[in-house]
Amino acid sequence: MPRIERSAKVVWDGNVARGGGHITGETGAFSELPYTLASRLGNPEGKTSPEELLAAAHAGCLTTSLGSELARDNTPAGHLEVRCTIVMDEVPGEGHQIVGADVTVLAEVEGASHEALADAVRRADEGCPFSTLLKKAGAEVRVSLA
């Protein structure tokens with residue numbers, strides 16, 4: 001696989017407490033997604049956050065990893081839904097840190113037993129670069145099959 005590079009840009013105006021920013025993907029797939037510190041820590045009020053974007057990236061990565069594992073098993077997915085929740089919490093002496101990711105997989109796969117599907121999910125987690133990144137950073141990654 002070739003080296004992959006993707007970029008995003010954040011523009012922020014004002015101080016951190018009362019200011020606000022926008023996140024834009026270089027590809028144009030998303031543009032000027034608004035976020036503020038208040039919406040990041042409290043009620044999102046329709047704005048995103050770096051944690052939500054990490055959750056989306058992790059869910060997307062695990063979904064493609066699972067699709068590859070299922071294809072390798074000759075049981076291609078009919079329908080996959082992957083939900084990821086990133087958990088950030090206060091770590092004594094370190095401030096707020098990403099401490100976990102809870103991932104739930106709902107899969108409709110014709111011809112795959114529950115055991116075979118669970119094994120494919122396990123392998124997908126092991127092969128997902130975002131799962132690996134979070135685990136190496138000390139976060140607990142929990143992946144379950146719905």
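The listed residues are ASP102, ASP125, and the only one of them that is surrounded by 13 or more Cβ atoms within 10 Å (Cβ to Cβ), part of a strand (DSSP E or B), under 14 Å from the mean Cα position of the chain (by Cα) and on the phi < 0 side of the Ramachandran plot turns out to be ASP102. Exactly one residue out of LEU70, LEU54 is crowded, with 16+ Cβ neighbours inside 10 Å, of a type outside the set (Ser, Thr, Tyr) and within 16 Å of the chain's Cα centre (by Cα): that is LEU54. Residues that are at positive phi and touching a residue at least 24 places away in the same chain (Cβ under 8 Å) occur in the stretch 109-119; there is at least one.
Just name the residue that is surrounded by the most Cβ atoms within 10 Å (Cβ to Cβ) out of those in the stretch 73-93 that are part of a strand (DSSP E or B) and of a type outside the set (A, V, I, L, M, F, W, C). The selected residue is THR85.
The numbers here are math on the coordinates, done by the rules we state, and not lab data. Because the structure is predicted, anything quoted here is derived from the model rather than measured. Here Cβ is always computed from backbone atoms with ideal geometry, including for glycine, and neighbour counts include all displayed protein chains.
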